[in-house]
Structures are given as structure tokens and as C-alpha cells.
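Participant: Take a look at the following structure, please.
The values are calculated or read from the model by the stated rules, or taken from the named source; none is laboratory data. This is a predicted model, so every value here is computed, not measured. Because the Cβ atoms are built from the backbone with ideal geometry, glycine has one as well, and the counts that use them run over all protein chains shown.
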Amino acid sequence: MKRVLKVFQMLFLCFVLVGLYAFTNYRNERRIVTEIDLKFIGNDNLYTTYEAVNKMLIVKQKGAFKAPKVKVALSTIERWLSEDPMLQNATVYMTVDGALRALLTQRTPEARVVTDSVYYLDTRGMAMPLSEFHSARVPIISGNISEVSLSDCHKIIEFVSRDVFLKKNIVGIRVIKDQDYMLQCRLDQFEVRLGAATALQEKTSNFKAFYNKALKDNSLQSYSLVDVRFKNQVVATKKNNNTQMKETNYSVGLDIGTTKIVAIIGKENEYGKIEILGIGKSKSLGVHRGVVNNITQTIESIQQAVQQAETDSGLKIDTVSVGIAGQHIRSLQHSDYITRANSEEVIGYEDVDNLCNQVYKLVMLPGEEIIHVLPQEFKVDGQAEIKSLWVCMVGV
């Protein structure tokens, strides 16, 4: 009798366990999934955002995400996510506790293509649209671009990205025609005639040897073209005298803030845009609300930011344009005058400079100094509200 009772108890326990499993499985499959947990892996720079991806999913779903777990089609969601032009891959899965998650891999731009339209070339050699959320600092491809030249440029960019020296110095590729390419250097005012995208190791090794020799001789700025198309030789073309006298104007900005100090070095490129060559940042010490409280700490912070910018760009900084702000900066309205020696002569730049220099002599409060004088309007012989004097006016 006891044995029968034990068997009955075992059967009853098994029945209860099976019932509980079936019930929990039933409840789990019908659990309502109301959101998807998105996670970007890899690149920290987001060319798209969580909000943009969620919005795209809502449009595809035709409403807010809400469905029983058993009816969630993971493959369909993966296909939707893969249609995002900024995403390279999407892996969607369901966790044990019923949470819907997606691991997103972004496309990585390796170059910016500038033609009638502007777009990126990604690491797979495919066209990628520009992002409204982040701008990549990548080499620029310009010139007579075709499918053949883009494929070659992708090959060249991949090779450059694996070489520390080339990655630091090459900022662009100019396509002359298919299988004829120019490499554009970051700092030096010459181009490298690469020719076809073949024998890249040999060609770049020859260029490095020439570069190091010219750098040692301090003659890099003397050349306008370096041709490495030929085997075991480099043909360098020197600039003419007029070209050698022309120097590139580099601009350096220094912003001294309360929380950080930033130094940026840039130059104008061939498209009229400012190309950033180097950035340096440091924690702002000795500055409170725009006022320097500890000059020693502030100097050290500025030096640290400038040194980082110099290291990043490879340039030596001599002068900077400094942004000044804070409670100690104020403006005031002031009127002044000068008397010209000859009232019959046309008023020119020299007269305006003399007037501005006169204003600089204005007596200020102790510790204050006039930084800028900005003319707002002029008065000539009693005629007021003259906004500009470059209209051939005469007067005292």
C-alpha cells in the first residue's frame, strides 16, 4: 500500500511540474513586448542615434512597438534595422526574461567623396550618406570620379590606414583619371603622383625615403610635385621662385574657458573650407567665470593644450587668436573726433585709423584696457549717421 502511495505521489508531482511548466511557457509566450533595447557596439561616434532608429522602427511597425512575445518576428526586425543606411549589421534576440534586444554595428566611413554630391565611402568600399549627427575626419576624394576610380581609391585608403606615417600625412586623393591618382599631403605644399593603385608598398617606400631625406635637408617646402610612378626612383619637381615665396597661412584659435582650454590649428583647403590639423585640450585651472585667479596654473593649462595641438598637427605654434569672455569684459559707447589737415582730400583708411587710435587714448578705470575699437557710424562736417566712409567723401 505504501509503495502504491509513493508511486501515486510521484505521478502527482510530475503532473504538477508539467502543468506549471506548460502554464509558465504559455504566459511567457504571450508576454507583451513593448520596446526594444538597442545597443551600439564598436565605434563611439554615433552616425545615427537611438531616437532615429526607434523612429524608423515605429514607422515600419506602423505604430508603437507592442506585440506578444510569440508573435515577435526577429528576422523581420533585423531586416528593418539593416535598411538603415548608417547600420552595417543588426543582431536581434530575445533574452530569457523576455526582453527584446538588438546589437547594432555602424558603418564606418573611411573617406569623403566630393563630386556634384558629397557622401562617404565606407570600409567596404560602398557609398554611405553623410550623417546629421557626426562628421568624420577622413581623407577627401575628389576629381574625375568613376566606379573604377572609387574602387582604386578604396584600395589606396585601406593601405594608407594601415601605415602610421601615411595615415598621419595623407589627407586626400585627387583623381586625374582612372588608374592615375594624386595623394595630397597634410602639411607640405606638394602632391604625390601615385599613378595606378598597384605596387603600393614599393611606391610608398620610395616616397618615405625621399620625404625623410628632404626633411633632413630642410627642403620639403621647395617641391611642388613628387612622382613615384616609376620603379626604384622618385622624380621631384621644384617650385618656381614665385611659388616658393608663397606660404600657407595657418590659423590657431585658443579658447580659455572656465572648465577647459582648447587650442585648434587649421588651414583653408582648396574648397575654401577650414581643415582642422590639430586639437589640444586641457582642464582649465586658475580661471573662474572667465577671470584669471591663478596666473601660474592658467599658463600651465594653456601650455598643455598648445603642446597637444602641436603634437597632433606637427606644427610649431608662434601666435594665436584668443577668445576672451567673462564678467570683466564690457563695452561702452564713445564719440571722438579728429581734424584733418586738408579738407579737400578724400577721406581714406589712414584717416579712419587715426580716429580709432585717438579712441584708444581714452582714460579707463584702473586695471582696464581697451581691446577693440569698432566704428559704428561717422559724422562729417555736421552730417551724421554715415555708416561707411568708403564713398569718396571729403570734409574736415
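Participant: Do we find that LEU362 is among the aliphatic types (A, V, I, L, M), at pLDDT 75 or above, assigned to a loop (DSSP other than H, G, I, E, B) and in contact with a His (Cβ under 7 Å, 6 or more places away or on another chain) in this structure?
Facilitator: yes
Participant: Follow-up question, since we're still on this one. Of these, ASN54, ASN45, which one is out of contact with any Ser or Thr (no Cβ under 7 Å at 6 or more places or on another chain), at pLDDT below 70 and surrounded by 10 or more Cβ atoms within 10 Å (Cβ to Cβ)?
Facilitator: Every option except ASN45 fails the conditions.
Participant: If you take the residues of the stretch 298-325 that are touching a residue at least 60 places away in the same chain (Cβ under 8 Å) and more than 25 Å from HIS372 (Cα to Cα), which of them is surrounded by the fewest Cβ atoms within 10 Å (Cβ to Cβ)?
Facilitator: Filtering first and then ranking leaves GLY314.
Participant: Applying the selection to the stretch 298-315, what residues are of a type outside the set (A, V, I, L, M) and either over 30 Å from PRO139 (Cβ atoms) or part of a strand (DSSP E or B) (or both)?
Facilitator: THR298, GLU300, SER301, GLN303
Participant: Looking at this structure, is PHE133 more than 16 Å from ASP227 (Cα to Cα), in a helix (DSSP H, G or I) and touching a residue at least 24 places away in the same chain (Cβ under 8 Å)?
Facilitator: no
Participant: Can you name every one of the helices (runs of 4 or more DSSP H) wholly within the stretch 142-225 that holds 2 or more residues which are in contact with a Pro (Cβ under 9 Å, 6 or more places away or on another chain) and among the β-branched types (Val, Ile, Thr)?
Facilitator: In the stretch 142-225, the matching helices (runs of 4 or more DSSP H) lie at 147-161.
Participant: Can you find, within the stretch 104-130, the residue that is farthest from ARG193 (Cα to Cα) among those that are assigned to a strand (DSSP E or B) and out of contact with any Leu (no Cβ under 9 Å at 6 or more places or on another chain)?
Facilitator: ASP122
Participant: Out of the stretch 228-276, which residues are closer than 20 Å to PHE207 by Cβ, at pLDDT 75 or above and in a loop (DSSP other than H, G, I, E, B)?
Facilitator: VAL228, ARG229, PHE230, LYS231, ASN232, GLN233, VAL234
Participant: Quick check on SER321: is it polar (S, T, N, Q), within 21 Å of the chain's Cα centre (by Cα) and at pLDDT 85 or above?
Facilitator: no
Participant: Kindly provide the set of residues from the stretch 214-230 that are closer than 12 Å to VAL192 by Cβ and charged (D, E, K, R), ordered by number.
Facilitator: Within the stretch 214-230, ASP227, ARG229 meet the criteria.
Participant: Residues in the stretch 122-143 that are of a type in the set (Phe, Trp, Tyr) and either buried (at least 16 other Cβ atoms within 10 Å of the Cβ) or under 12 Å from PRO85 (Cα atoms) (or both): how many?
Facilitator: 0
Participant: Further, regarding this structure: Only residues that are at pLDDT below 75, buried (at least 16 other Cβ atoms within 10 Å of the Cβ) and outside any helix (DSSP H, G or I): list them for the stretch 57-95, please.
Facilitator: PHE65, VAL72
Participant: Of all residues in the stretch 277-297 being assigned to a strand (DSSP E or B) and exposed (fewer than 13 other Cβ atoms within 10 Å of the Cβ), which is modelled with the highest pLDDT?
Facilitator: By that ranking, first place goes to LYS283.
Participant: Right, LYS208: surrounded by fewer than 18 Cβ atoms within 10 Å (Cβ to Cβ), in contact (Cβ under 8 Å) with a residue 60 or more places away in the chain and not aliphatic (A, V, I, L, M) or not?
Facilitator: no
Participant: Does LYS238 satisfy being under 28 Å from SER146 (Cα atoms), surrounded by fewer than 17 Cβ atoms within 10 Å (Cβ to Cβ) and among the charged types (D, E, K, R)?
Facilitator: When the stated conditions are applied, LYS238 does not pass them.
Participant: Of everything in the stretch 102-121, what is hydrophobic (A, V, I, L, M, F, W, C) and closer than 25 Å to TYR50 by Cβ? Give them in sequence order.
Facilitator: ALA102, LEU103, LEU104
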